[in-house]
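This report concerns only the one structure given below.
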Amino acid sequence: SSKKITKSTTVINRTHKNVNTIDPKTEPNITAETEISSEPIRTTTSNLATDIINFAKQFDGVRYRYGGTTKAGMDCSGLVTTAFSAYNISLPRSSRDMAKEGIPVKVEDVMEGDLLFFKTNGRNNSISHVGLVVTSRTGLIEFIHASTSAGVIVSSLAERYWYNAFVEARRVIP
């Protein structure tokens, strides 16, 4: 039997500063309301993401220290900014400000190298924690982060605490 191969086009609408407008008269399959970003959206883990993850993993087991960015002690945003800055990607120092960077990603589309943001402070309704995705496959998302109780560890988004505290995922790797 022969398989019918059809070409499908996925148009991703998102707000971004680099947007091209297509003339519907010359492109009949695209409407005037369609926005196509000039920047490709990554669909596979890049070598850069793997490098950043491996850099972060060298801090596994380091104790938690508020404001820390070294093997003497690390906090959650310190771990992420240190790992990304090792590869010349500058991110804000706080998880709350970091959550404004990059593009939002649906949890089912999360990939290694993406960031997960959490609200962990019951008294404050703002983002207060960040983790770096180290494993992403159907049914399993693991992230490295600096927890106040256990230091730098890898946790699963399926753990009740993290699942309930989860706010959003964002992609900052170009």
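Some notes on this structure:
- When the stretch 91-174 is reduced to its Cα atoms, the Kirkwood hydrodynamic radius in Å: 12.8
- The stretch 65-134, accessible surface, carbon-and-sulfur percent (1.4 angstrom probe): 46
- All-pairs Cα distance distribution in the stretch 38-137, expressed in whole percent, bin size 10 Å: 15, 47, 32, 6, 0
- Taken one residue at a time, the phi angles of the stretch 142-151 give Karplus couplings (6.51, -1.76, 1.60, θ = phi - 60°) of 10, 9, 9, 7, 9, 9, 4, 8, 10, x Hz. Gly and Pro are set to x.
- Separation in nanometres of the label points that stand 7 Å from Cα toward Cβ, at Thr135 and Ala72: 3.3
- Only the Cβ atoms of Lys and Arg (+1) and of Asp and Glu (-1) were treated as charged; on that basis the dipole of the stretch 89-132 about its Cα centre amounts to roughly 360 debye.
The values are calculated or read from the model by the stated rules, or taken from the named source; none is laboratory data. Values in this document were obtained by computation on a predicted structure and should not be read as measured data. Counting neighbours? That spans all protein chains shown, and the Cβs are built from the backbone with ideal geometry, glycine included. Side chains are part of the model used for accessible areas, which takes the heavy atoms of the whole protein and leaves out ligands, DNA and RNA. Shrake-Rupley method; radii C 1.70, N 1.55, O 1.52, S 1.80 Å.
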